[in-house]
Amino acid sequence: MAQILVIGAGIVGTFASMILAQDGHQVTVLDRDLVGAAADQPRQGVKQYEQTHILMPGGARILERETPDAVRRILDAGGRVHDMLGGVWNSGPIGPRRPGDEQFETYAARRPVLEAGLLGAAAATPGVTVRAGSPVQALLTGQPHVPGSAHVTGAVLDDGTRIEADLVVDASGRRTGVPALLEGLGVRPRVRREETGFRYYSRFFRADGRGRPTAPFWPLTHHDSVSVITAPGDGDHWSVTLVTSGRDQALRPLSDPSVWDAVLALYPHVAHWAEGLPVGDVRVMGGTGTTHRRWVVEGKPLVTGLVAVGDAHMTLNPQFGMGMTAGLGQAQLLRDVVARTGTDDPAGLVLALDGDLEERYWPMWQEGNIWDQHRLAEIDAEIRGETYRTEDPAWALRIALDIAAGLDADVVRGFGLVASQLDSADEALIKPGLVQRIVELSAGQPRYAPGAPDRTRLLDVVASRS
């Protein structure tokens, strides 16, 4: 069995370490931060650590199958079962929950609680060693297996410790420093980056005696130049995020709690989510461009002995909460490739994983970027006081699905399967006549749900509180 080094003790890194160790490998997990010391401890290496997080049902099913001990620890720490479609059952034409709808359940918990549960389970897994507070300063290299390509054989920590490995896994997230270390070896991945340009204004709450807020139809809703994310948390905690374009200077005052509160009150379907005790001030995050890194070019590995999964491989728009679940799925692919190829053929391992990742996740990355471009263009038009127009049929169908989801029992389940990362859009909407039903239901309906403010009203409230 192999000696495997995982860089990054976040959700994806700890999960990868467990499922690799379950196959008999000896796995060492490194992280620059002193992870696991306290549930609310900041994480220097994770920019979005204190922002809103949602584990999609697709990710919950992965954890249940692969690491049930982690699920138990998350629940023991206050995590709770949450039905992502709970706000729509028995409303309008949808009807009650049916057998099988439990697939839309997930585990609600803030990022620190999710991480602590996984880290605790990893530390208790035979074959896993966790070394916190251990930044990687350099990579060890050996005899190349592919002419002109570097071969990584381990890492050097900031205290000079050398750790040899048959395989190094970069799971260190959006801000990974591994590409910079490889650049010193003359290795540069093929990178595609899109500046999505969204800005996130989040507030966390805990119950004050009125209990937790009732869930809307879906955690993410879109409105005139603003989107709203409501995320249930562990115990009596939850969070709300207002999402704007990064170019929208007029909404920068949302960083002021009084402005933020006044704006949230304008959205009747979620205004009650502020009925609790605020935990801290408004947490602002921008600069969340999406990045796709690939270590294979024209069929040749640029580096062997090292692979990347999770955000170190591919970052997604945080609005949809897909990153954690996608990272867990990528870790599964890694485990399966290692089982299939072993580590004695480093080039074959890199090529096999690259092929599997591209087949499953490249379309997701592309589709996400197309959505980002359309949504930002739509917000730009709304800032100008115009209606966004495009000839792209995929965008039209996406808008139609958003509108029709709350109007039909079959459509809402198809929507839920896609949004929960349980099925692809092709798989979820394949039922005969379903796409036509979506088009018919959405015809003539407004782009946004009634009751929310238009741009003029929104700016009036911001100006009055600034």
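The values are calculated or read from the model by the stated rules, or taken from the named source; none is laboratory data. Here the structure is a predicted model, which means the values were calculated and not measured. Glycine gets a Cβ as well: all are built from the backbone with ideal geometry, and neighbour counts include every protein chain shown. Heavy atoms of the whole protein, side chains included, go into the accessibility calculation; ligands, DNA and RNA do not. Shrake-Rupley method; radii C 1.70, N 1.55, O 1.52, S 1.80 Å.
The stretch 278-424 has equivalent-ellipsoid semi-axes of 34, 19, 17 Å, by the square roots of 5 times the alpha carbon gyration tensor eigenvalues, sorted largest first. Taking all protein chains together and a 1.4 Å probe, the residues THR343, THR129 rank THR129, THR343 from largest to smallest accessible area. Principal-axis analysis of the Cα atoms of the chain puts helix 409-419 at an angle of about 40° to the longest axis.
A 1.4 Å probe run over the chain, with the rest of the protein chains in place, finds 41 Å² accessible per residue.
Per DSSP H run of n ≥ 4, the term is -39500 (n - 2.57); total these for the chain, divide by its residue number, and report the mean residue ellipticity at 222 nm rounded to 500 deg cm²/dmol.
Here the helix-only value at 222 nm equals -11000 deg cm²/dmol.
Here is the tail figure for the stretch 146-196: Cα pairs spaced more than 13 Å apart come to 71 percent of all pairs. Assuming charge only on the beta carbon of Lys and Arg (+1) and of Asp and Glu (-1), the dipole of the stretch 332-431 about its Cα centre is about 240 debye to the nearest 20.
Each of LEU182, PHE204, VAL243 was placed along the dipole of the stretch 159-306 (beta-carbon charges, centred on the mean Cα), and the one lying farthest toward the positive end is LEU182.
As an equivalent ellipsoid, the stretch 346-392 spans semi-axes of 38, 9, 5 angstrom, where each value is the square root of five times an eigenvalue of the C-alpha gyration tensor, largest first. If the segment from ALA396 to VAL284 were pulled out straight at 0.36 nm per residue, it would be longer than the present Cα-Cα gap by 37.2 nm.
Note on LYS431: accessible area is roughly 100 Å² with a 1.4 Å probe, heavy atoms of protein only.
One way to sum up the overall shape of the stretch 223-296 is the equivalent ellipsoid from its Cα gyration tensor, whose semi-axes run 25, 18, 12 Å, largest first.
Where the alpha-carbon atoms of the chain are placed on the principal axes, they occupy 64, 47, 47 Å, in descending order.
Other residues within the sphere of radius under 15 Å centred on the Cβ of VAL146, judged by their own Cβ, net out at -3 (K and R +1, D and E -1). Each of ALA132, ALA165, HIS82 was placed along the dipole of the chain (beta-carbon charges, centred on the mean Cα), and the one lying farthest toward the positive end is ALA132.
Between beta-carbons, use under 14 Å as the cut-off and find the net charge around GLN332, counting Lys and Arg +1, Asp and Glu -1. Spell out each step's value before the answer.
Details: positive: ARG61, ARG65, ARG335, ARG340, ARG360; negative: ASP23, GLU64, GLU66, ASP336, ASP356, GLU359.
So the surrounding residues net to -1.
When ARG457, ARG210 are compared by accessible surface with a 1.4 Å probe, the order from highest to lowest is ARG210, ARG457.
Exposure check, 1.4 Å probe, all protein chains in place: MET314 carries approximately 0 Å² of accessible surface. Take every Cα pair under 8 Å whose residues are at least 6 apart in sequence, average their separation, divide by the length of the chain, and the relative contact order is 19 percent. Using the Cβ-Cβ distance between ARG247 and VAL461 with R0 set to 22 Å, the FRET efficiency works out to roughly 0.65. Only protein heavy atoms count here; under a 1.4 Å probe, HIS272 has an accessible surface of about 50 Å².
Over the stretch 342-434, Cα pairs under 8 Å with separation of 6+ residues give a relative contact order of 12 percent. For the stretch 38-197, taking Cα atoms only, Rg and Dmax work out to 20.6, 66 Å respectively. Accessible area ranking (1.4 Å probe, heavy atoms, ligands and nucleic acids excluded), largest first, for TRP295, TRP260: TRP295, TRP260. Placing unit charges on the Cβ atoms only, positive for Lys and Arg and negative for Asp and Glu, gives the chain a dipole magnitude near 560 debye about its Cα centre. Highest mean packing first, where packing is the average number of other Cβ atoms within 10 Å per residue, the peptides 76-82, 173-179 line up as 173-179, 76-82. From the Kirkwood radius over Cα pairs of the stretch 151-308, Stokes-Einstein at 37 °C and 0.692 mPa s returns a whole-number translational diffusion coefficient of 173 µm²/s. What residue among ALA60, LEU459, ALA425 has its Cα farthest toward the positive end of the dipole of the chain, where the charges are +1 on Lys, Arg and -1 on Asp, Glu, each on the Cβ? Ranked along the dipole, the leading option is LEU459.
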